[in-house]
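Worksheet for the structure shown next.
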Amino acid sequence: MKSPRLWTLACAVLLATPAGSAPPGADPGLRPGVLLVAAEQLVDLNFTRAVVLILDYGPGGALGIVVNRPTTVAVATVLEAIPEAQDYTGELFIGGPIDVPVTRVLARADAPPPASREVVPGVHYLDAVATVQALLRDGASRASLRFYAGYAGWSPGQLDVEVGRGDWAVLAGDAASVFTPDPAGLWRQLHERSRQRWAAGPCGPLAACDLLHAFASHAAALPVRDR
């Protein structure tokens with residue numbers, strides 16, 4: 001892991017899907033910019049209690065970055081070939097199990113940096129090493145620039161199946177979650193939010209009015225015993 005020859009900065013997103021697009025018939029909740037929150041029962045060690053920011057989603061599959069798994073490895077030690085990275089004090093994140101020696105970078109900024117793509121408002125995927133170097137020279141810190149080793153990927157339709165069977169909750173992405181100062185606590189926070197969203201309805205928890213309506217309809221259909 002310490003050899004600089006094994007680590008490079010990714011300069012392109014693997015799937016060229018326009019933001020907001022989705023294959024016909026797909027879950028409309030799945031799109032670039034959403035956060036996947038792993039279900040508590042998900043046992044895949046690569047994604048246990050993971051929060052994944054989806055970068056690309058389309059007919060070719062889906063690609064994302066796990067945003068809540070910081071390591072104890074300093075970015076400066078794995079990007080020794082980039083002088084500007086030596087003053088960066090943030091840690092490396094595990095972005096997923098695929099292509100781990102390649103580091104991908106997200107930036108938090110109101111205005112889009114050069115050679116970047118906005119994933120959610122204020123969060124940009126950086127496509128050029130020169131942009132990363134420029135931000136580092138300007139003093140970017142962990143609060144505005146994060147580095148992820150590897151990524152998560154799904155073949156066409158695979159993520160739809162996983163969401164459909166309850167492996168993931170899908171939430172709207174936001175810069176505060178992606179760049180939270182407490183990434184280790186992010187899963188619990190979003191897991192609770194997803195549970196509240198599922199439970200809340202127009203009549204309160206568990207959509208009580210829908211349950212009452214269903215019960216009333218069922219009761220009305222039952223035969224009435226003559227007294």
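The values are calculated or read from the model by the stated rules, or taken from the named source; none is laboratory data. Source: prediction; values computed, not measured. With ideal geometry, Cβ positions are generated from the backbone for all residues, glycine too; neighbour counts draw on all protein chains shown.
So the values come out like this:
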item	result
Output for the stretch 78-103, where each listed residue is modelled with pLDDT under 95, β-branched (Val, Ile, Thr) and surrounded by fewer than 21 Cβ atoms within 10 Å (Cβ to Cβ)	82, 89, 100, 102
Some residue of the stretch 22-31 being surrounded by 14 or more Cβ atoms within 10 Å (Cβ to Cβ) and at pLDDT 95 or above	yes
Residues of the stretch 86-106 classified as in a strand (DSSP E or B) and over 16 Å from residue 183 (Cβ atoms), total	6
Identity of the residue in the stretch 119-158, among the charged types (D, E, K, R) and under 21 Å from residue 183 (Cα atoms), that ends up surrounded by the most Cβ atoms within 10 Å (Cβ to Cβ)	146
